[in-house]
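Below you'll find the structure, written out as structure tokens, and then a few comments.
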Amino acid sequence: IPSFESTYMFKEIMYQPKVVSRIYDLYSQPVQIRKMDLLCSKISKCRRILFLSCGTSYFATLAILSSFEHVLELNGLNCDVYSINASTRVDDIPRIRSSDVCIMVTQSGETADVLKIAKKAVAQGATVAAITNSLFSSATRIAGQMQTFYINAGVEVAVASTKAFSGQILTMMLLLSYLRGGIAEYQNTLSILPDFSVLLTNTLINSADIMQMYAAKISRHPSCLVVGRGKLSSVAYEGALKMKEVSYIHAEGIASGDLKHGTLALVHDDMPVIYLATPLPSKETCGTGSDSLHIGLSQITSRVENRDNILVIATEEFAKKMSSDMNVIIIPSIQSILKEQTKLSYFIEKTDCLQLLMNVVPLQLLSLFSACTRGWNVDKPRNLAKSVTVL
Ligand code: F6R
């Protein structure tokens with residue numbers, strides 16, 4: 001594959017283990033813990049949490065949304081949580097009240113659609129916070145320093161966002177941990193990050209060859225599907241966006257349960273399908289246990305004769321029960337690794353977040369390799385800008 005190593009996108013994908021370490025360093029500081037504490041006390045009294053974001057940042061919020069719901073329920077809080085795709089509500093701004101906590105999630109801190117809704121929230125007297133990669137951005141000015149949470153991912157140069165997605169999920173996961181169990185749970189979550197960083201490095205290294213091989217296959221096709229079930233659908237949406245953005249292959253990210261409502265008609269021998277099959281510990285609440293993942297996969301495999309166009313991203317346990325005529329990439333099961341580390345308390349929602357993050361990495365590599373195989377400049381995709389400062 002021509003010259004992918006010199007691209008910013010490749011460097012930024014490979015930098016993600018370092019982002020985990022940088023988050024660990026930053027969020028070990030007392031001032032950050034104080035900020036978490038202040039925001040969580042506001043959340044405890046609010047009626048709604050509204051995440052405001054677009055594109056990749058929106059998918060990061062979708063990845064964590066039901067975990068917030070679950071924690072609010074566990075903590076007995078009378079508060080709901082929603083994720084607003086700011087681009088779709090900018091001309092039709094949702095109702096915001098002073099009892100709401102709005103959290104902008106924006107890498108650049110300059111996305112006009114997000115800022116417009118956030119300004120309305122300020123005017124309504126709501127609490128407005130920001131999770132951003134730019135400390136001197138418009139988002140920070142709106143939220144104020146004490147309500148800005150820095151993702152510390154380092155400057156992201158490539159137009160396609162990769163390492164910021166990881167930083168956003170980790171920062172939201174730390175907020176969630178604080179909300180769930182105060183400083184003790186927060187520190188417990190922080191203490192996993194150094195080991196997680198090593199796992200992420202291994203996943204990046206181990207997935208590179210298989211992804212290059214599958215990229216050679218997929219890049220001959222005009223279109224592909226990325227399928228995930230339950231919370232895994234957020235990763236499918238993100239994987240498909242990356243594919244479209246840099247390789248110009250039309251990709252559709254879809255929840256597996258949604259296929260039968262129409263898109264299943266696109267499944268045939270010549271349609272590459274990437275299927276996410278990493279069971280999540282929260283299977284009771286979101287239906288992403290091993291059994292339902294097998295059902296979702298057979299929905300696809302039963303419609304094709306040539307399974308060589310299918311790629312499954314699976315844990316080892318899941319892969320053992322699969323037939324051998326599909327491409328498979330094995331990624332670690334965070335659940336089993338965390339369970340082995342008995343010093344750590346087991347907190348399902350945090351484990352889900354880390355698993356989702358682990359799943360996204362091979363998809364980022366796949367889109368990069370597909371684009372380079374097709375000869376495109378991955379760092380500057382056509383028609384796109386790094387910060388979308390217009391409405
Ligand atoms: C995709 C991508 C965009 C951004 C979106 C929001 O790779 O980069 O979808 O995620 O434009 O940008 P931020 O996070 O800066 O608000």
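Annotations
- Distance from segment 1-22 to segment 56-70 (C-alpha centre basis), Å: 24
- Against the chain, whose longest principal axis comes from its Cα atoms, helix 16-27 is set at around 10 degrees.
- Modelled label reach - Ser99, point 7 Å along Cα→Cβ, segment 54-86 residues with backbone N closer than 11 Å: 78-80
- Under conditions of 10 °C and 1.306 mPa s, segment 347-391 yields 121 µm² s⁻¹ as its translational diffusion coefficient, taking Rh as the Kirkwood radius over Cα pairs in the Stokes-Einstein equation.
- The convex hull of the Cα atoms of the chain, projected and averaged over all directions, covers 17.7 nm².
- Carbon + sulfur, % of accessible area of segment 106-187 - ligands and nucleic acids excluded, 1.4 Å: 56
- Shape analysis of segment 202-294 based on the Cα gyration tensor places the equivalent ellipsoid semi-axes at 22, 18, 11 Å, largest first.
- Expected 222 nm ellipticity per residue - DSSP helices of 4 or more, -39500 (n - 2.57), all of the chain, to 500: -17000 deg cm²/dmol
- Rounded D (µm²/s) - segment 29-175, Kirkwood Rh over Cα pairs, Stokes-Einstein at 20 °C, 1.002 mPa s: 143
- Cross-link partners of Lys116 among lysines (Cα-Cα below 20 Å; sequence separation of 8 or more within a chain): Lys386
- Heavy-atom accessible area per residue - the chain, 1.4 Å, Å²: 39
- Protection proxy ranking, highest mean first, for peptides 182-195, 30-43: 182-195, 30-43, where packing is the per-residue count of other beta-carbon atoms within 10 Å, averaged.
- Across the accessible surface of segment 1-96, with the other protein chains kept in place and a 1.4 Å probe, carbon and sulfur atoms take up 49 percent.
- 13 Å Cα-Cα reach of Lys11 towards aspartates and glutamates, excluding residues that sit fewer than 8 places from it in its own chain: Glu156, Asp379
- Cα-based helix-to-principal-axis angle, 232-247 vs the chain, degrees rounded to 10: 70
- Carbon plus sulfur fraction of accessible area for segment 235-391, probe 1.4 Å, in percent: 51
- For the listed peptides 311-318, 86-93, 133-140, a ranking on the average number of other beta carbons within 10 Å per residue, highest first, reads 311-318, 133-140, 86-93.
- Each peptide in 383-389, 171-177, 372-378 was scored by the mean count of other Cβ atoms within 10 Å over its residues; highest first, the order is 171-177, 372-378, 383-389.
- Distance between the C-alpha centres of segment 145-214 and segment 217-274: 24 Å, rounded to the whole angstrom.
- Ordering Asp325, Asp25, Asp352 by accessible surface, largest first, gives Asp25, Asp325, Asp352; the 1.4 Å probe counts only protein heavy atoms, with every chain in place.
The values are calculated or read from the model by the stated rules, or taken from the named source; none is laboratory data. This is a predicted model, so every value here is computed, not measured. Cβ coordinates were reconstructed from backbone atoms using ideal geometry, including for glycine residues, and neighbour counts include every protein chain displayed. Side chains are part of the model used for accessible areas, which takes the heavy atoms of the whole protein and leaves out ligands, DNA and RNA. Shrake-Rupley method; radii C 1.70, N 1.55, O 1.52, S 1.80 Å.
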